[in-house]
1. Picking from 176, 188, which residue would you name as being assigned by TED's automatic domain parsing to the domain that holds residue 224 and of a type outside the set (Phe, Trp, Tyr)?
2. Of all residues in region 86-112 being more than 24 Å from residue 186 (Cβ to Cβ) and touching a residue at least 60 places away in the same chain (Cβ under 8 Å), which is nearest to the chain's Cα centre (by Cα)?
3. Out of the residues in region 214-234 that are closer than 11 Å to residue 129 by Cα and of a type in the set (Gly, Ala, Ser), which is modelled with the highest pLDDT?
4. One residue is enough: does region 68-82 have a residue meeting the conditions without any contact (Cβ under 8 Å) to a residue 12 or more places away in the chain and touching a strand residue (DSSP E or B) at 6+ places or on another chain (Cβ under 8 Å)?
5. Taking region 155-171 as the search range and keeping residues that are closer than 25 Å to residue 104 by Cβ and aliphatic (A, V, I, L, M), which one is surrounded by the fewest Cβ atoms within 10 Å (Cβ to Cβ)?
6. Using the structure shown, decide if residue 126 is over 19 Å from residue 222 (Cα atoms) and surrounded by fewer than 22 Cβ atoms within 10 Å (Cβ to Cβ).
Amino acid sequence: MVAPSTQHSTHPRDQHCVWMDAGLLAYRLCNRGFDCEHCPLHAALHDAGQLNNLGSRAAQSGTAPTMCFPDDCLYAPTHTWVRFTAPERARVGIDGFAASLLGKIRCVRAPDDRSGRLICTLELDDSVLPITAPLPGKLCGWNEALTDDPSLVITDPYGAGWICELVIPSRAAASHLMSGQDALRRAHFDDRRFRRRVALELLTDTVTQPETGPDLRRSLGGVRYNSLIRELIG
């Protein structure tokens with residue numbers, strides 16, 4: 001369904017690419033007669049539309065609360081959250097949407113320089129993902145539980161998987177952050193954006209990898225998959 005061609009054409013009126021109809025692709029070049037059932041791109045993106053299947057399956061322990069955004073937190077566009085624990089102290093972690101995209105986390109490393117915006121580095125199977133603070137502050141506390149079980153960042157991102165605590169100038173420093181409702185809308189937007197980027201990456205592979213399956217990390221390769229995640233998170 002997806003081999004590129006030198007001649008651009010859209011599908012006939014009586015045939016449909018479901019991903020173009022959904023707005024994820026601007027046009028389709030198809031050499032499979034729009035047989036979506038046997039299309040490798042369709043197989044991969046079908047599970048991409050169900051976020052819990054993207055990365056959390058690879059965590060092999062629990063399921064991230066994908067589109068859950070508790071009201072007692074504030075949220076950054078980079079998919080981190082803030083929860084105030086005192087007037088000038090805030091706990092920080094990644095949100096459920098970010099957790100759902102990640103695969104197995106081998107290690108969560110604290111930064112050597114605790115005065116900067118970097119709050120940790122997530123070491124994944126194939127790369128590393130730096131996470132920056134969603135608001136200005138100084139790192140003053142660290143979740144030691146992540147040393148023994150880094151997967152908590154994925155399986156319990158708002159609870160036992162929190163990352164660190166910051167001393168902040170005042171609550172006014174968080175005035176730019178989003179409510180849970182706004183964060184939910186942002187996550188749906190970024191979900192669509194992520195799947196569009198995945199689709200474009202898969203289009204370049206379908207000639208050489210005609211049997212692409214529903215595991216996007218395997219289909220794209222860990223390095224390419226994680227590079228897409230870095231466009232959204234951190």
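1. Numbers: 176 fails: assigned by TED's automatic domain parsing to the domain that holds residue 224.
Of 176, 188, the one residue that is assigned by TED's automatic domain parsing to the domain that holds residue 224 and of a type outside the set (Phe, Trp, Tyr) is 188.
2. In this case the residue turns out to be 89.
3. Among those residues, the one meeting the criterion is 227.
4. From region 68-82, those without any contact (Cβ under 8 Å) to a residue 12 or more places away in the chain are 72; that's our starting set.
With the extra rule that they be touching a strand residue (DSSP E or B) at 6+ places or on another chain (Cβ under 8 Å), the set shrinks to 72.
Yes, region 68-82 contains a residue that is without any contact (Cβ under 8 Å) to a residue 12 or more places away in the chain and touching a strand residue (DSSP E or B) at 6+ places or on another chain (Cβ under 8 Å).
5. Going through region 155-171, the residues closer than 25 Å to residue 104 by Cβ turn out to be 155-164.
Of the ones still in play, those that are also aliphatic (A, V, I, L, M) are 160, 163.
Working: 160: 14, 163: 25.
So, considering only residues that are closer than 25 Å to residue 104 by Cβ and aliphatic (A, V, I, L, M), the one surrounded by the fewest Cβ atoms within 10 Å (Cβ to Cβ) is 160.
6. On the way: over 19 Å from residue 222 (Cα atoms): no; surrounded by fewer than 22 Cβ atoms within 10 Å (Cβ to Cβ): yes.
Here the answer is no, as residue 126 does not meet what is asked.
Yes/no matrix, rows are residues, columns are (1) part of a loop (DSSP other than H, G, I, E, B); (2) buried (at least 20 other Cβ atoms within 10 Å of the Cβ); (3) at pLDDT 95 or above; (4) among the small types (Gly, Ala, Ser):
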{"position": "57", "(1), (2), (3), (4)": "no, no, no, no"}
{"position": "66", "(1), (2), (3), (4)": "yes, yes, no, no"}
{"position": "72", "(1), (2), (3), (4)": "yes, no, yes, no"}
{"position": "81", "(1), (2), (3), (4)": "no, yes, yes, no"}
{"position": "90", "(1), (2), (3), (4)": "no, yes, yes, yes"}
{"position": "108", "(1), (2), (3), (4)": "no, yes, yes, no"}
{"position": "114", "(1), (2), (3), (4)": "yes, no, no, no"}
{"position": "120", "(1), (2), (3), (4)": "no, yes, yes, no"}
{"position": "140", "(1), (2), (3), (4)": "no, no, no, no"}
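The values are calculated or read from the model by the stated rules, or taken from the named source; none is laboratory data. Predicted model, so just to flag it, every value in this text is computed and none were measured. Using ideal geometry, Cβ is built from the backbone for each residue, glycine included, and neighbour counts are taken over all protein chains shown.
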